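Notes for the one structure printed next.
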Amino acid sequence: MSVEPETVRAFEHAGWQRAAASYLDTFAPATAPFIEPLLAAAGISAGMRVLDVACGPGYVAAAAIARGAIAQGLDFSSAMVGVARATHPGIVVQEGDAEDLPYRDGAFDAVVSNFGMHHVPRPALALAQARRVLVPGGRVAFAVWARPVENIAWGLVFDAAARHGVPSAAQAPLPGGAFNRIEECLHALDSAGFADTSARIVPAEWRVESARALIAALSAGTVRMAALIAAQPPPSLPAILADIAHHAERYRQGDRLAIPIAAILARGSKA
């Protein structure tokens, strides 16, 4: 069943406007381990002009600048743009649409996106726009979350909701594209006209104090997972939390949980 792009956009926009204020202290630590692999996949080096799409708080653009690149960010959430500008006042961050990039053709040597592509209503259009603003031979690279079977933090929540709650309760609009399998990412890049495409799973760990801290971070710093958690019947929440705590205990390292997470890192070049 197809979903109107504006329905997806409105849902995502409202969610990120809400999550922006607490993102740095809640969910940013989960995405941080993938920044350097993302920049490596795009071949970011000194002097390159880099665009960070769906830049959030601007961490990727800042890391690109640390490599000597000339980087700027773009995000559709004015609240998140405000966070990025406050966190990195020296970086140009613009409010704008990934599906209609406000830049001239060939303006960048690389376009990167760290966990933004699966939130875009029409990823095919966003990738086409990324290709347009790249120079010939320029590279695109993006990271998206892998399936829950590889991405344990998500799997713990989904499994607990399935056992004790209502998995379909959120009634969130379907995302604009399926991006949690390697073949899906490659197909999207190939369809957008990119060459020399590749994709791989990158593992990492998300260190949190407890199952309660995991739920709190997902509730405050995400959109779709937050909607799933918020929609659970209140009487079910204690059992869901207990289930997550029980199954997460196997990942305990000292006073914290080191929960396995995984992303798909995909890249391509403009022929």
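Throughout, read-outs are computed from the coordinates displayed, never taken from laboratory work. This is a predicted model, so every value here is computed, not measured. Quick reminder, even Gly has a Cβ in these numbers, built from the backbone with ideal geometry, and neighbours come from all protein chains shown.
The figures follow:
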item: Residue within region 99-108 that is crowded, with 16+ Cβ neighbours inside 10 Å and either over 28 Å from T197 (Cβ atoms) or without any contact (Cβ under 8 Å) to a residue 12 or more places away in the chain (or both) present; result: no
item: Residues satisfying the stated conditions in region 224-236, i.e. more than 30 Å from A54 (Cα to Cα) and either surrounded by 16 or more Cβ atoms within 10 Å (Cβ to Cβ) or of a type in the set (K, R) (or both); result: S236
item: Residues being more than 28 Å from L257 (Cα to Cα) and in contact with a His (Cβ under 7 Å, 6 or more places away or on another chain) - total across region 21-60; result: 1
item: Helices (runs of 4 or more DSSP H) contained entirely in region 13-73, each with at least 1 residues that are at negative phi, among the hydroxyl-bearing types (S, T, Y) and touching a strand residue (DSSP E or B) at 6+ places or on another chain (Cβ under 7 Å); result: 28-31
item: Total residues in region 144-192, condition of a type outside the set (S, T, Y), out of contact with any Cys (no Cβ under 8 Å at 6 or more places or on another chain) and assigned to a loop (DSSP other than H, G, I, E, B); result: 22
item: Residue check, G176 touching a residue at least 24 places away in the same chain (Cβ under 8 Å) and in contact with a Pro (Cβ under 8 Å, 6 or more places away or on another chain); result: yes
item: Any hit, region 132-143, residues being farther than 25 Å from V50 by Cα, among the charged types (D, E, K, R) and in a helix (DSSP H, G or I); result: no
item: Criterion violated by E184 - all others in (1) surrounded by 15 or more Cβ atoms within 10 Å (Cβ to Cβ); (2) touching a residue at least 12 places away in the same chain (Cβ under 8 Å) satisfied; result: (2)
item: Residue in region 197-206 that is part of a helix (DSSP H, G or I), touching a helix residue (DSSP H, G or I) at 6+ places or on another chain (Cβ under 9 Å) and not charged (D, E, K, R) present; result: no
item: Residue in region 64-87 that is closer than 21 Å to L186 by Cβ and of a type in the set (G, A, S) present; result: no
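Quick grid of which residues meet (1) touching a Leu at 6+ places or on another chain (Cβ under 8 Å); (2) surrounded by 15 or more Cβ atoms within 10 Å (Cβ to Cβ); (3) more than 19 Å from H119 (Cβ to Cβ); (4) touching a residue at least 60 places away in the same chain (Cβ under 8 Å):
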{"position": "H164", "(1), (2), (3), (4)": "no, yes, yes, yes"}
{"position": "A199", "(1), (2), (3), (4)": "yes, yes, no, yes"}
{"position": "I215", "(1), (2), (3), (4)": "yes, yes, yes, no"}
{"position": "T222", "(1), (2), (3), (4)": "no, yes, no, yes"}
{"position": "A245", "(1), (2), (3), (4)": "no, yes, yes, no"}
{"position": "R252", "(1), (2), (3), (4)": "no, no, yes, no"}
{"position": "A266", "(1), (2), (3), (4)": "yes, yes, no, yes"}
